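The values are calculated or read from the model by the stated rules, or taken from the named source; none is laboratory data. As the structure is a computational prediction, the values presented were derived from the model and not from experiment. Neighbour counts run over all protein chains shown; Cβ positions are idealised from the backbone, glycine included.
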Amino acid sequence: MDKTGFAVVTGAGSGIGRACALRLAEDGRPLVLLDSDGAAAERTAKELPVAAAAFAVDVTDEEAVADAVRQAVDRFGPPKVLVNAAGIIIRKKLLESSVDEWRRVLDVNLTGYFILLKQVIPAMAAGGGGSIVQIASIAGHTGYGFSSYTAAKGGVLALTKQLAAELAADGIRINSVSPGVVHSGLNRDTLGNENIRAATVANTPLGRIGEPDDIARVVAFLAGPGADYVTGTDLVADGGMISTIHWGSAGGELHSFHAQER
Ligand SMILES: NC(=O)c1ccc[n+]([C@@H]2O[C@H](COP(=O)([O-])OP(=O)(O)OC[C@H]3O[C@@H](n4cnc5c(N)ncnc54)[C@H](O)[C@@H]3O)[C@@H](O)[C@H]2O)c1
């Protein structure tokens, strides 16, 4: 495998971003970690077995992102992998949300991705290409989340498809991963509620809540040579959550009906 250049991961201080950094480090490339929580990004950097640089950067701050990318290119050469993972959720229904709350969620979860793309793609193209993986969500497929979050994630899915054709000539692939429910900082509060936790497990055919590394392994696949012919697609990693209608306790009865010939 080509080990030149570096991989950049946003939201690398926690959860899925941190797990992606740990997985991508197995490729031997230096890691560049961006997170608004600089101390958390530093902690992840210390865990890595490769050279790493951590930046305390809010992904909505284009100047700060541009500066971090410039410093990283000076130190490590061209970016070969970008993982857009920094994200937030505000759990409010549409009519409960202020315009500022709506804007903040769209700003971080969609415009933040745009800013990273804008700052990384020119250097990636100049370096001969690479692979971009964007963390979307099943919320972008099904409306599972809350309005601002769902709208932002739907935007990530559409943006990813749009860019596949735009970036192919530069040797850049771009895909997204849609996690289901994963243990992370984002939903520590909701999964701390026993009813919500039990309902989540009951609604997941594989019978467990996801771990950040479940997502990171899929990201590493899309970022790596195994996915050389894959661009513009989304890979749902949700334990089967959105693949089926959930019949609850009637499920067993229903399936035994299906077992009978009609
Ligand atoms: N956990 C889930 O169930 C789940 C499901 C689907 C999608 N996702 C997505 O996965 C991604 C990672 O989230 P997570 O679940 O690991 O949550 P997390 O809270 O554990 O990690 C998110 C990280 O992003 C950082 N961050 C937040 N706002 C930022 C900003 N403006 N600039 C830079 N960094 C910022 C946080 O400091 C944190 O370290 C997000 O895009 C989220 O929407 C998560």
Residue ID - nearest to the ligand (Cβ to nearest atom), chosen from residues in the stretch 196-213 that are closer than 15 Å to residue 242 by Cβ and not hydrophobic (A, V, I, L, M, F, W, C): 210
Filter result for residue 25 (assigned to a helix (DSSP H, G or I) and either without any contact (Cβ under 8 Å) to a residue 40 or more places away in the chain or more than 24 Å from residue 159 (Cβ to Cβ) (or both)): yes
Filter pass, residue 193 being over 30 Å from residue 2 (Cα atoms) and within 11 Å of the ligand (Cβ to nearest atom): no
Candidates 90, 115 - the one that is without any contact (Cβ under 8 Å) to a residue 60 or more places away in the chain, out of contact with any Cys (no Cβ under 7 Å at 6 or more places or on another chain) and either acidic (Asp, Glu) or not in a helix (DSSP H, G or I) (or both): 90
Lone unmet requirement of (1) crowded, with 24+ Cβ neighbours inside 10 Å; (2) more than 17 Å from residue 135 (Cα to Cα) for residue 2: (1)
Verdict on residue 166 being over 30 Å from residue 206 (Cα atoms), modelled with pLDDT of 95 or more and either surrounded by fewer than 17 Cβ atoms within 10 Å (Cβ to Cβ) or of a type in the set (Val, Ile, Thr) (or both): yes
Scope the stretch 60-84; condition within 18 Å of residue 140 (Cβ to Cβ) and in contact with a Phe, Trp or Tyr (Cβ under 9 Å, 6 or more places away or on another chain); matching residues: 84
Qualifying residue in the stretch 144-152 (condition: assigned to a helix (DSSP H, G or I), farther than 23 Å from residue 12 by Cβ and free of Cβ contacts under 8 Å to residues at least 40 places away in the same chain): yes
Answer from 19, 56, 41, 12 - the residue that is near the ligand (Cβ under 9 Å from one of its atoms), surrounded by fewer than 21 Cβ atoms within 10 Å (Cβ to Cβ) and either without any contact (Cβ under 8 Å) to a residue 40 or more places away in the chain or within 19 Å of the chain's Cα centre (by Cα) (or both): 56
Helices (runs of 4 or more DSSP H) (entirely within the stretch 165-262) containing at least 1 residues that are touching a Leu at 6+ places or on another chain (Cβ under 9 Å), more than 17 Å from residue 141 (Cβ to Cβ) and not acidic (Asp, Glu): 194-202, 212-223
Test: residue in the stretch 126-135 that is at negative phi, surrounded by fewer than 18 Cβ atoms within 10 Å (Cβ to Cβ) and at pLDDT 95 or above: yes
